[in-house]
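Below you'll find the structure, written out as structure tokens, and then a few comments.
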Amino acid sequence: MEYAALTVERVHVLRVDPGEDVLLTVNRFLAETGLRQAVVLGGYGTLTSYHLHWIKHDRLPSEHILGQGTGGIEILGMSGTVVEGEPHIHVTLSTPAGAYGGHVHEGCTAYVLCEIFFAEVTGRELRRERVPVDVPGMGAGTALRLLFGPASDRRSGGGDGAL
């Protein structure tokens, strides 16, 4: 385990308009604003279609299942990060048949309303790196790990460490 305290600089609100692809719009927003690292505070709205992936099993190497569908779909919540300008967003969706969620891919199309909130963070430089892992009962392989660079700003305060 490793952790770091970060400072929230600004909160950005993104409106995804009807018919726009959620992930493509997020990527355009990040490129236009130059936002490199953030925490996805949340999001909500409706979709006409979704395209998500899930983890298939609990062994290494990991495998994914892709799923997609259409219809009236409610976004119950969104969470994730932006690291090195790349979004990693998960979503919880619902229809009258029930709730489900997964990792957002291109193909999630906004219906009437979609709003996402990003907290821009500083204090440590975040990055992702694929690292080797060997976990008893799961096997050996690689995993994408969040890494914390050196403190970039004295305002980050305490709370950093590795256990």
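The values are calculated or read from the model by the stated rules, or taken from the named source; none is laboratory data. Here the structure is a predicted model, which means the values were calculated and not measured. Ideal geometry is used to build each Cβ from the backbone, glycine not excepted, and the neighbour counts take in all protein chains shown.
Would a scan of segment 2-11 turn up a residue that is surrounded by fewer than 18 Cβ atoms within 10 Å (Cβ to Cβ), touching a helix residue (DSSP H, G or I) at 6+ places or on another chain (Cβ under 9 Å), assigned to a loop (DSSP other than H, G, I, E, B) and in contact (Cβ under 8 Å) with a residue 40 or more places away in the chain? Checked segment 2-11: at least one residue is surrounded by fewer than 18 Cβ atoms within 10 Å (Cβ to Cβ), touching a helix residue (DSSP H, G or I) at 6+ places or on another chain (Cβ under 9 Å), assigned to a loop (DSSP other than H, G, I, E, B) and in contact (Cβ under 8 Å) with a residue 40 or more places away in the chain.
When H88, H12, H57 are checked against the criterion of being touching a strand residue (DSSP E or B) at 6+ places or on another chain (Cβ under 7 Å), within 25 Å of P132 (Cβ to Cβ) and not β-branched (V, I, T), H88 stands alone in meeting it. T33: out of contact with any helix residue (DSSP H, G or I) (no Cβ under 9 Å at 6 or more places or on another chain) and farther than 30 Å from D134 by Cα, yes or no? So T33 fits the description; yes. When the test is whether a residue is modelled with pLDDT of 95 or more, among the polar types (S, T, N, Q) and under 18 Å from L41 (Cβ atoms), T122 passes it. Residues that are surrounded by 14 or more Cβ atoms within 10 Å (Cβ to Cβ) and in contact with a helix residue (DSSP H, G or I) (Cβ under 9 Å, 6 or more places away or on another chain) are absent from segment 56-67.
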